[in-house]
Amino acid sequence: MKVALFCWRPYHVFNAINIVSNDVEHSKGNTTLFLFDYPVLVKMVEALTKSRLFEEVIVVKNNRESGDHAKKLLGQFKSKFSNYLTIEGERRNFSNCFNTIMASSFNIDLIEMIDINKKARICIYEDGVNSYSSDANFNHLNPKFRLLRKVLLKDLNKIKVDTKYFYSPEILSYTSKSECCALPVIKERTFEIEKSIFNYNSQKMLKLYGNKSIIFLDQRFQSDCYEKIEKLLRKRSERVILRPHPNDPPSFDTFSLDDSEQSWELICNDNISNSSVIISVNSMALFTPYILYHKKPTIIALYKLILNEKIYGIKNFDLFCQKFKQRSKYENMFIPETLDEFGQILTNFDNIQ
């Protein structure tokens, strides 16, 4: 059995390590790992190679950002009829090389690989909350590309996904057309591999988070409410730590700052407990402690204070939040609609500290 496993975000690498360590889809010792050429992933190549979890680690040029739909389709025509893909400037034949192809969602490179491995099983592994809220596999791809692909090549919707893997399949908010399976619980040995590959500093994170019970996951929205939210948190500043959104400066300079760029998934394992409070507008990271570890810190989602309900994706996010709270029996999740309500939630939390 040969497995092709695609990653284009650090979270995907985190999942890939767990998948292969636990031999999901007979992947142990049989997997070629394909990474997009993002700097944050490229710097992991040496550690991933040294781990010996993967037969080969290959960096591929990211084609997702390009708006040249004709160029994308030309590449797919070439792969369809020549069976070659270009990897780091080298043409390599991957035709019928893989029994299973795994990824978090569909993109151009994955579709090309499917085109030349027609008998391969297609498996999707989870990509955070989006995976739990929608069964749509291709909606994120540009509509023009999808239409051209349908007319000139095979309709993408005819690609069958055999199995989907989730850490917490019980919170799915839809009925999937594919078989749904649980990903293995992350074992201690796997955590040690994760920490090594992600260069995770346990002692540094323990020192940073040790006495902080309120974690604010920053997203830098332009809103007058943000200043008022800061004032409410400032009263508890000694217990607050702010984690900036990747590649963005922090919204506030009032609080302790986690600018370490360390893995949130590993921080959640080591430093988040049921007595923690995690606050954000609509960050998917709010749900990481439960999805990965079934921990239940207090969650406060501020999207009804900050965002207009007409903004794309907010209705789906709201629907997911309601179903998540119901299906996980999550009693300590709050979605305040006013600043007064948010302030009262914080006060109630103060009283139990």
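The values are calculated or read from the model by the stated rules, or taken from the named source; none is laboratory data. Small disclaimer: the values here were computed from a predicted structure and weren't measured. So basically every Cβ, Gly included, is an ideal-geometry build from the backbone, and we count neighbours across all protein chains shown. Side chains included, ligands, DNA and RNA excluded: accessible areas come from the protein's heavy atoms. Shrake-Rupley method; radii C 1.70, N 1.55, O 1.52, S 1.80 Å.
Miscellaneous remarks
- Search result, residues across segment 233-243 that are buried (at least 16 other Cβ atoms within 10 Å of the Cβ) and among the charged types (D, E, K, R): 236, 239, 243
- For residue 173, the test of being within 28 Å of residue 327 (Cβ to Cβ) and within 21 Å of the chain's Cα centre (by Cα) is passed.
- Residue among 280, 251 that is among the small types (Gly, Ala, Ser), touching a residue at least 12 places away in the same chain (Cβ under 8 Å) and farther than 18 Å from residue 340 by Cα: 251
- Tally, over segment 115-142, of residues that are open to solvent by less than 20 Å² (accessible area, probe 1.4 Å) and modelled with pLDDT under 75: 2
- Scan of segment 325-343 for residues that are open to solvent by less than 40 Å² (accessible area, probe 1.4 Å), aromatic (Phe, Trp, Tyr) and under 15 Å from residue 306 (Cβ atoms), ordered by number: 342
- Contacts under 6 angstrom Cβ, first residue in segment 164-181 being under 17 Å from residue 106 (Cβ atoms) and at pLDDT 95 or above, partner of a type outside the set (A, V, I, L, M, F, W, C) and part of a strand (DSSP E or B), 6 or more apart: 165/125
- Positions within segment 218-232 being at pLDDT below 90, touching a Ser or Thr at 6+ places or on another chain (Cβ under 8 Å) and not in a loop (DSSP other than H, G, I, E, B), in sequence order: 226
- Listing of helices (runs of 4 or more DSSP H) fully contained in segment 244-317 that carry 3 or more residues being within 22 Å of residue 130 (Cα to Cα) and open to solvent by 20 Å² or more (accessible area, probe 1.4 Å): 303-306
- Taken together, the criteria exclude residue 189 from residues that are in contact with a His (Cβ under 8 Å, 6 or more places away or on another chain), open to solvent by 80 Å² or more (accessible area, probe 1.4 Å) and not β-branched (Val, Ile, Thr).
- All conditions but one from (1) among the charged types (D, E, K, R); (2) at pLDDT 95 or above; (3) out of contact with any Leu (no Cβ under 7 Å at 6 or more places or on another chain) apply to residue 265; the one that does not is (3).
- Every pair of residues 6+ apart whose Cβ atoms lie under 7 Å, when the first sits in segment 11-27 and is touching a residue at least 60 places away in the same chain (Cβ under 8 Å) while the second is among the polar types (S, T, N, Q) and in a helix (DSSP H, G or I): 17/190; 18/190; 21/190
- Count of segment 213-222 residues which are in contact (Cβ under 8 Å) with a residue 24 or more places away in the chain and open to solvent by 30 Å² or more (accessible area, probe 1.4 Å): 3
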